[in-house]
1. Any idea which of LEU169, LEU110, LEU87, LEU146 is in contact with a helix residue (DSSP H, G or I) (Cβ under 6 Å, 6 or more places away or on another chain) and within 30 Å of GLY232 (Cα to Cα)?
2. How about segment 95-148: which of its residues are of a type in the set (S, T, N, Q), more than 21 Å from ALA247 (Cβ to Cβ) and modelled with pLDDT of 85 or more?
3. Condition test on PRO252, is it of a type outside the set (A, V, I, L, M, F, W, C) and in contact with a strand residue (DSSP E or B) (Cβ under 6 Å, 6 or more places away or on another chain)?
4. Name the residue that is nearest to the chain's Cα centre (by Cα), counting only residues in segment 73-87 that are assigned to a helix (DSSP H, G or I) and exposed (fewer than 15 other Cβ atoms within 10 Å of the Cβ).
5. Conditions first: (1) of a type in the set (A, V, I, L, M, F, W, C); (2) without any contact (Cβ under 8 Å) to a residue 60 or more places away in the chain; (3) part of a helix (DSSP H, G or I). ILE153 passes all but one, so which condition is the exception?
6. Name the helices (runs of 4 or more DSSP H) wholly within segment 212-319 that hold at least 2 residues that are modelled with pLDDT of 90 or more, in contact with a helix residue (DSSP H, G or I) (Cβ under 8 Å, 6 or more places away or on another chain) and closer than 30 Å to ALA136 by Cα?
7. Which one of these is of a type in the set (Val, Ile, Thr) and either more than 23 Å from ALA157 (Cβ to Cβ) or without any contact (Cβ under 8 Å) to a residue 40 or more places away in the chain (or both): VAL225, VAL211?
8. Could you please find all residues in segment 270-319 being farther than 14 Å from LEU228 by Cα and hydroxyl-bearing (Ser, Thr, Tyr)?
Amino acid sequence: MRRALCRLALALALTSCASTARITGDFGDYASYRRTRLASTLEERLGASERYLREYPEGDYREEVRAWFKPAEKHYFKLAWNNLPRLRAYLDAMPHGPHAEAVADRITELESRRVFADRREQRALAHASSIEARLAAAADQRREFLHELLALISSMAKTRTFGEPTSGLDSELLLRFRVRQPPGVCEGDHCAKRFSFPYAVPEDKRVVDRVAEATLDIALDHGLVQKLSLSGPELLTRLAEALEVNAVAATPQARAEALAHALDALDGSLEAALPKARCSAEAVSPIVLSRHCDGVRFEIQYGTVAEAPDILTMTAEKR
């Protein structure tokens with residue numbers, strides 16, 4: 001009797017399970033569909049929908065899932081086209097998605113562009129660092145040039161010993177002429193010393209080397225000082241370049257601006273010995289600066305064409 005009851009119970013159970021399957025459909029189909037509805041992010045829902053349609057092409061919910069998935073996937077693909085994180089998210093969510101191959105190719109393309117862009121940036125940064133390093137290395141030379149040239153001009157302006165031997169010249173002037181190597185040379189009634197001042201300035205995104213050349217001449221009469229002059233090709237332009245740390249273009253406007261900058265600097269160097277308020281005099285071209293007082297005359301003659309010498313002279317005023 002007991003055995004008969006067990007067989008009856010088993011038959012009833014099997015009949016019940018079969019009925020449930022017919023009512024609810026395949027459990028895997030539903031579970032997969034349910035994941036498309038419970039996804040917490042758009043990427044998760046896209047991935048779940050793609051897997052459902054791929055694994056259950058004849059599933060009970062295919063029409064509903066397909067109706068949402070096709071436009072959503074297409075929109076996401078377009079949205080991600082220029083966005084690497086979104087493209088990677090597409091592949092993570094849908095490695096077998098409709099546009100997976102195109103996404104993989106696009107990722108490769110964008111990553112290659114980024115590599116090239118990074119390399120260009122690195123080259124640009126290296127170039128900029130190189131320029132900065134060269135400018136830093138040249139800074140001492142530039143400061144030395146400015147200091148020495150302006151000190152030389154200031155010493156010339158202090159001269160009040162015209163008609164006397166060279167030993168009466170300003171001590172700083174004598175130091176630079178006699179002691180600093182190589183020393184100046186005197187032949188008869190003429191003494192001269194050539195100065196060379198190297199420096200560097202930026203030009204067209206590169207650093208270019210410059211050399212400012214200047215010659216100090218001392219004119220004598222029977223060993224007595226008559227005239228001091230300092231001259232050099234575009235000397236005032238070279239001075240302006242060092243002041244502004246920038247190359248001066250070979251145009252009339254650029255050279256005029258450089259001249260103004262150089263004269264501003266020279267005003268300061270001359271102020272102690274030849275104050276502007278008391279010594280300034282009218283300058284007639286090609287003279288661009290003139291100071292007359294205390295029995296002396298200081299003038300600057302500007303070379304009006306490229307490579308022409310600028311000449312600074314210091315003499316006793318004629319009586």
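1. Just one listed residue meets the conditions, LEU146.
2. Selection gives THR108, SER112.
3. Criteria not met by PRO252.
4. Per the criteria, the residue is LEU84.
5. The number of the failed condition is (2).
6. In segment 212-319, the matching helices (runs of 4 or more DSSP H) lie at 235-244, 252-270.
7. VAL211
8. SER280, SER285, SER290, TYR302, THR304, listed by residue number.
The values are calculated or read from the model by the stated rules, or taken from the named source; none is laboratory data. In this text the structure is predicted, and so the values were computed from the model without any measurement. Note: ideal-geometry Cβ built from the backbone for every residue, glycine included; neighbour counts use all protein chains shown.
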